[in-house]
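A short worksheet on the structure shown next.
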Amino acid sequence: LCGYLRSKTIVPEAIHSQMMNYYRQYIAIGGMPEAVQKYIDTKDFREIDRIQRSLLQGYQYDIAHYATAEKR
């Protein structure tokens, strides 16, 4: 891929398709280390969803706990 980009030539469809697949996985998984590791270990998006929901609950708890009443 780097060679195609450096030389400013068209990336073959097979490479482009694979890179788009990786991009969609990245968007779905996000960048949190626990979620990334779980995907590497299991390839199970249900587990990723569980981790993401748990993280979101933690964020919501922190906001409710630390934010002032006017900012909640």
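Just so you know, all these numbers are worked out from the coordinates, no wet-lab data involved. These figures come from a predicted structure and were not determined experimentally.
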Select from the chain the helices, each a whole stretch of DSSP H, whose alpha-carbon atoms run 15 Å or more along the helix axis and whose Kyte-Doolittle mean is at least -1.0; answer none if there are none.
13-29, 45-66
Would you mind classifying region 32-72 by shape? Square roots of the alpha carbon gyration tensor eigenvalues, ordered a ≥ b ≥ c; an a/c under 1.5 is rounded, otherwise it is prolate if a/b is larger than b/c and oblate if not.
prolate
Contact order normalised by residue count of the chain, Cα under 8 Å, 6+ apart, percent:
14 percent
For the chain, just say rounded, prolate or oblate: build the C-alpha gyration tensor, square-root its eigenvalues into a ≥ b ≥ c, call rounded for a/c under 1.5, and beyond that prolate if a/b exceeds b/c, oblate if not.
prolate
Summing -39500 (n - 2.57) over the DSSP H runs of n ≥ 4 in the chain and dividing by its residue number, what mean residue ellipticity at 222 nm do you reach, to the nearest 500 deg cm²/dmol?
-24500 deg cm²/dmol
